[in-house]
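Enquirer: What follows is a single structure, and I will ask about it in a moment.
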Amino acid sequence: MTAARTRLTAALRELRARTGLSLAALAERTAYSKSSWERYLNGRAMPPRQAVRDLCRIAGEPDGRLLALWEIAESDWRGRAAVLAPASVPVSPGPVPAPAEPRQSPAVGRSRRRRARLLVALVSVYTVIAGGVALVTLLLSQRDSGPDEPLSSSSPYVLTPRCHEAACEGRDPMRMVCGVAPDTLATYRTATGAHVELRHSRECGASWARMWGTRIGDRVDVEAGGPVREVRAVDRIDTETYVYTEMTAARPGSVVRSCFLPASAAGERECFEARVGEAAAEAPPGGPDRGLTR
């Protein structure tokens, strides 16, 4: 599974958890069956665009951000399918040496020669396809490899946390499957209209910040007494979906602090904080370096 599919699946599971609906109840409210939702939410099938929209509607979530994630994941999936499509694989023609055979009628000879040529052509197609699949698998594994150890596309996708506390430091919350139904510690609306949330995963023992409604160049960071983790909106896709920092270890009782810095040169740094284990709250808007303090 690609990183884009992992992010989309985690986001869909988070929305479904927010609704509190069972798979059967979800099926009753949409045009998709219980078994279909089970496949979509476990990453075993690419959900249709309308299924994403329906889940956003039920959860009361604006669909723009999730549809942007869907577009990325679907484009990646469609691109891989095109690479593997046998219809585009050329078959190299060539002379086929015919074994010696007894004298036969011209009709029987032509029929056998046609079958022989067909068999060789099929074997050639199979060889090219098999080689192509091996090459594509190698390229995809190389592209997806890295310090975050993304899930292998050939292995079953299990939505269980892949790190805990110190082992999560500096890791991607989606790839480490920490972004499934996390706690929201606090939500803050910036002076530019962007939103910032402090998130925490109990299973992973780590926190991160995410922002949306941003402009290219906006930055947000997070820290909980350790290294500061920062992310910046770098393109249009980032401005249309969630952008989140890497994780920082945070135990119950830890104070997690986040600061937002707009791209505008005239913009001022806005910070807020929350404590792990306390009820979520909406940080009051304020001036520079002001916000929720506990």
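Enquirer: I need the calculated FRET efficiency for the pair E169 and A279, taking r as the beta carbon distance and R₀ as 22 Å, to the nearest 0.05. Before the final figure, lay out each step's value.
Expert: On the way: r = 26 Å, r/R0 = 1.18.
That pair, E169 with A279, gives E of 0.25.
Enquirer: So between R18 and A45, what do we pick up on full extension, going 0.36 nm a residue minus the alpha carbon distance? Walk me through the numbers on the way to the answer.
Expert: Values: separation 27, 0.36 × 27 = 9.72 nm, distance 2.13 nm.
Separation in residues times 0.36 nm, less the Cα-Cα distance, equals 7.6 nm.
Enquirer: Dividing the Cα radius of gyration by the Kirkwood radius, what Rg/Rh value follows for the stretch 174-258? Intermediate results must be reported in sequence, preceding the final value.
Expert: Values: Rg = 12.3 Å, Rh = 12.9 Å.
Computed over Cα atoms, the ratio is 0.95.
Enquirer: Using a basic spin-label model with each label point 7 Å from the Cα along Cα→Cβ, how many nm lie between A31 and I216?
Expert: In this crude spin-label approximation the distance works out to 3.6 nm.
Enquirer: Which ³J(HN,Hα) values in Hz, rounded to whole numbers, follow from the phi angles of the stretch 258-265 under the Karplus curve 6.51 cos²θ - 1.76 cosθ + 1.60, where θ = phi - 60° and Gly and Pro get x?
Expert: Whole-Hz 3J(HN,Hα) from phi for the stretch 258-265: 10, 10, 10, 10, x, 5, 4, 5.
Enquirer: If each of R251 and I237 carries a label point 7 Å out from its Cα toward its Cβ, how far apart are those two points in nm?
Expert: For the pair R251/I237, the computed spacing is 3.9 nm.
Enquirer: Ranked from the most accessible area to the least, with a 1.4 Å probe and all protein chains present, what is the order of W70, W37?
Expert: Working: W70 30, W37 0 Å².
From most exposed to least exposed: W70, W37.
Enquirer: Taking all protein chains together and a probe of 1.4 Å, list L23, L8 from the most accessible to the least accessible.
Expert: Sorted descending by solvent-accessible area, the residues read L23, L8.
The values are calculated or read from the model by the stated rules, or taken from the named source; none is laboratory data. Only a predicted model underlies this, so the values are computations on that prediction, with no experimental measurement involved. Ideal geometry is used to build each Cβ from the backbone, glycine not excepted, and the neighbour counts take in all protein chains shown. Heavy atoms of the whole protein, side chains included, go into the accessibility calculation; ligands, DNA and RNA do not. Shrake-Rupley method; radii C 1.70, N 1.55, O 1.52, S 1.80 Å.
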